[in-house]
Amino acid sequence: MKILISNDDGFQAPGIVALHAALQDLAEVEVVAPEHNNSAKSNALTLNAPLYVHRASNGFRYINGTPADCMHIALTGLLGYRPDLVVSGINNGANMGDDTIYSGTVGAAMEGFLFGIPAIAFSQVEKGWSELEAAAQKAREIVAQLVADAQVGSAPWLLNVNIPNRPLAALKPVRLCRLGRRHAAERVITQESPRGETMYWIGGAGLAKDDAEGTDFHATAQGHVAITPLKVDLTDHDNLGYWVETATRLGGALAPDADRDPDEGVIRAPA
């Protein structure tokens, strides 16, 4: 079995070093990761600048690009083979709820998924790398179980995994969760540059808005490892019927009957 590893914290980050060490006895493992921190780069690809691949003294390969760049280059020619599994992380901080849209860790895993390869994104809930070895061992357990269940090598899937910063024995069992939601981000931070210009820094992420039972926020707060299956289809299937009349007025075709409201043309408002 062959596993391709990446991340968004950079090839020298403790998380990816620990993950590589934990998985190297399960398979042939290779690392292709960003040269520098690329947090919040999502699925961004670099299209207007050249990318270069270098090899570090520990054998890791690194690229002056985004996490998605790393996966894209690796899977379209760099490796020379097709890995059985893509694993991203271990991220320095949670990727739960709305975070998954922005996350470079999830973006790297998603790029593998888009190429038809099963993929997992691993993150620690709190920043700072505390109990990192426990998180790496838990990641190893999850990968090993998926292999034992013959999930690796099957149809592609994408899992988002968040691990509380606890000793291995203190981690509660895995829970299958939906994504929670966050409040809007905090206010932008402004500063004055040495030249008197105003600088803007993106504010911190908002607090949890939907952390009800069943969400990733709730599970990890209780000490459980949270696993959320993700998909790429962003279509609002539930509300396709609501937009039928608008689409008709715009000259578009009617939605398929299966997607229309059954109540004789009654249009539902979006939830």
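The values are calculated or read from the model by the stated rules, or taken from the named source; none is laboratory data. These numbers come from a predicted model, not from an experiment. Cβ placement follows ideal geometry from the backbone for every residue including glycine, while neighbour counts extend to all protein chains displayed. These area figures cover heavy atoms from the full protein model, side chains too; ligands, DNA and RNA do not enter into them. Shrake-Rupley method; radii C 1.70, N 1.55, O 1.52, S 1.80 Å.
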Quick one: what pairs do we get from the range 61-72, first residue of a type in the set (Ser, Thr, Tyr), second in a strand (DSSP E or B), C-beta under 6 Å, 6+ apart or different chains?
62/33; 62/54
Quickly run through the range 101-113 and pick out the residues that are among the hydroxyl-bearing types (Ser, Thr, Tyr) and part of a helix (DSSP H, G or I).
102, 105
Only unsatisfied item for residue 72, checking (1) closer than 29 Å to residue 226 by Cβ; (2) modelled with pLDDT of 95 or more; (3) in a loop (DSSP other than H, G, I, E, B), is (3)
Here's a check for you: in the range 75-100, which residue that is part of a helix (DSSP H, G or I) and closer than 30 Å to residue 220 by Cβ is modelled with the lowest pLDDT?
99
Looking only at the range 200-213, how many residues end up being open to solvent by 60 Å² or more (accessible area, probe 1.4 Å) and either at pLDDT 85 or above or farther than 30 Å from residue 175 by Cα (or both)?
4
Among the numbered criteria (1) in contact (Cβ under 8 Å) with a residue 40 or more places away in the chain; (2) part of a loop (DSSP other than H, G, I, E, B); (3) within 30 Å of residue 185 (Cα to Cα), which one does residue 47 miss?
(1)
Being crowded, with 18+ Cβ neighbours inside 10 Å and part of a loop (DSSP other than H, G, I, E, B) is the filter here, so list the residues in the range 130-164 that pass it.
131, 152, 164
If we scan the range 22-33, do we find a residue that is open to solvent by 40 Å² or more (accessible area, probe 1.4 Å), of a type in the set (A, V, I, L, M, F, W, C) and in contact with a helix residue (DSSP H, G or I) (Cβ under 9 Å, 6 or more places away or on another chain)?
yes
Would you tally the residues in the range 165-175 being out of contact with any Gly (no Cβ under 9 Å at 6 or more places or on another chain) and buried (at least 19 other Cβ atoms within 10 Å of the Cβ)?
0
Has the range 127-148 got at least one residue that is touching a strand residue (DSSP E or B) at 6+ places or on another chain (Cβ under 6 Å) and within 21 Å of residue 181 (Cβ to Cβ)?
no
Please identify the pairs in which a residue from the range 154-179 that is within 23 Å of residue 116 (Cα to Cα) has its Cβ atom under 9 Å from the Cβ atom of a residue that is open to solvent by 60 Å² or more (accessible area, probe 1.4 Å) and polar (S, T, N, Q), counting only partners at least 6 apart or on another chain.
157/151
Tell me yes or no: at least one residue of the range 102-123 is of a type outside the set (Asp, Glu), more than 19 Å from residue 14 (Cα to Cα) and at pLDDT below 95.
yes
Filter the range 176-199 down to residues that are of a type in the set (D, E, K, R) and assigned to a strand (DSSP E or B) and give me whichever is least open to solvent (accessible area, probe 1.4 Å).
182
Result of the Cβ filter at 6 Å on the range 90-105, keeping first residues that are closer than 20 Å to residue 31 by Cα and partners that are in a helix (DSSP H, G or I) and hydrophobic (A, V, I, L, M, F, W, C), at least 6 apart or interchain, is 90/19; 90/135
